[in-house]
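One structure below.
The values are calculated or read from the model by the stated rules, or taken from the named source; none is laboratory data. Since the model is a prediction, treat every value here as computed from it, not as a measurement. Quick reminder, even Gly has a Cβ in these numbers, built from the backbone with ideal geometry, and neighbours come from all protein chains shown. SASA here: full protein model, heavy atoms, side chains in, ligands and nucleic acids out. Shrake-Rupley method; radii C 1.70, N 1.55, O 1.52, S 1.80 Å.
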Amino acid sequence: ISMPVIATLVRMAGGDALHTGTYGTGKMHADIEEELHSKRVLLDDMHGLKKMMPVASGGLHPGLIPQLIEKSGWDVQIQAGGGVSGHPDGVRAGAAALRQAVDASYEEIDLEDYAENHEELKKALDKWM
């Protein structure tokens, strides 16, 4: 059974969110076209059913955020457990680094440039990139 079929069934059952892959960026991805198809199944009109949130997780960290957003678009929930809790300065700094990576991506600023003024992001990039 394919992931778009599972996405359809979960949406029909009233789900709120579903892991759809990492869009070629992390360790838990399949065919990117299938991942994008699953995402469309969750977000496109489906006879009045509520939309669901596509979730990306699995090996994500702040350094992968621009690539993830470029491939998935902005309608995605980013779960980066190890990419937050594995930060050298702890979970709070890891959360800040992830947010800084999202902010830099939103503002279309290169992560390395953004990290010059954001210590948490700089340390995350030093660790994972």
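What the table below lists for this structure:
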quantity	calculated
Residue selected from segment 40-63 under the condition open to solvent by less than 30 Å² (accessible area, probe 1.4 Å) and in a helix (DSSP H, G or I), by the criterion nearest to residue 96 (Cα to Cα)	62
Count of residues meeting criterion [surrounded by 16 or more Cβ atoms within 10 Å (Cβ to Cβ) and part of a loop (DSSP other than H, G, I, E, B)] in segment 64-76	1
Residue list for segment 117-129, restricted to those being surrounded by 12 or more Cβ atoms within 10 Å (Cβ to Cβ) and without any contact (Cβ under 8 Å) to a residue 40 or more places away in the chain	118, 119, 120, 122, 123
Pick from segment 7-39, criterion touching a helix residue (DSSP H, G or I) at 6+ places or on another chain (Cβ under 8 Å) and of a type in the set (Lys, Arg), ranking: surrounded by the most Cβ atoms within 10 Å (Cβ to Cβ)	39
Residue list for segment 114-129, filter: outside any helix (DSSP H, G or I) and touching a helix residue (DSSP H, G or I) at 6+ places or on another chain (Cβ under 9 Å)	116, 118, 129
Some residue of segment 81-92 being of a type in the set (Val, Ile, Thr), assigned to a loop (DSSP other than H, G, I, E, B) and surrounded by 15 or more Cβ atoms within 10 Å (Cβ to Cβ)	no
